[in-house]
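Scroll down for the structure; my scribbles are underneath it.
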Ligand SMILES: [Zn+2]
């Protein structure tokens, strides 16, 4: 949604974007991996401020609240978070190694 404002007796028109959507960053703030899936990562970022993999993995985990620093997975579920990060790191490595 946007609104139109005029200044200087209508000589300057400014169209202000008043949507609450923040632009999706290139990297997830929490796991630091790149956002890859434009639609799912974007939706997860708008809802929780994280990528869709972080969101999907911890959506139903009790006590997780992405907006509260003390309730993010690396604090609430550290072992599960460490396993998740190892898995993400493994999946990000190339399958074929050229020597
Ligand atoms: Zn993430």
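At a glance:
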item: Protection proxy ranking of 46-53, 92-99, 22-29 - average other beta-carbon atoms within 10 Å, highest first; result: 46-53, 22-29, 92-99
item: Crossing angle, helix 78-92 versus the chain [Cα axis fit, 0-90 degrees, rounded to tens]; result: 80 degrees
item: Over the chain, volume per residue of the alpha carbon convex hull, in Å³; result: 160 Å³
item: Estimated [θ] at 222 nm from DSSP helical runs (n ≥ 4, -39500 (n - 2.57)) normalised by residues in the chain, nearest 500; result: -10500 deg cm²/dmol
item: Folded to 0 to 90 degrees: helix 38-48 orientation relative to the chain principal axis, Cα; result: 80 degrees
item: Average Cα contact separation per residue, the chain, under 8 Å, 6 or more apart, as relative contact order %; result: 13 percent
item: Calculated FRET efficiency for the pair residue 14/residue 78, C-beta based, R₀ 30 Å, to 0.05; result: 0.05
item: FRET efficiency for residue 32 and residue 99, using Cβ-Cβ distance with R0 set to 30 Å, rounded to 0.05; result: 0.55
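Coordinate-derived values only; no laboratory data. Because the structure is predicted, anything quoted here is derived from the model rather than measured. Cβ sites come from the backbone with ideal geometry, for glycine too, and all protein chains shown count toward neighbours.
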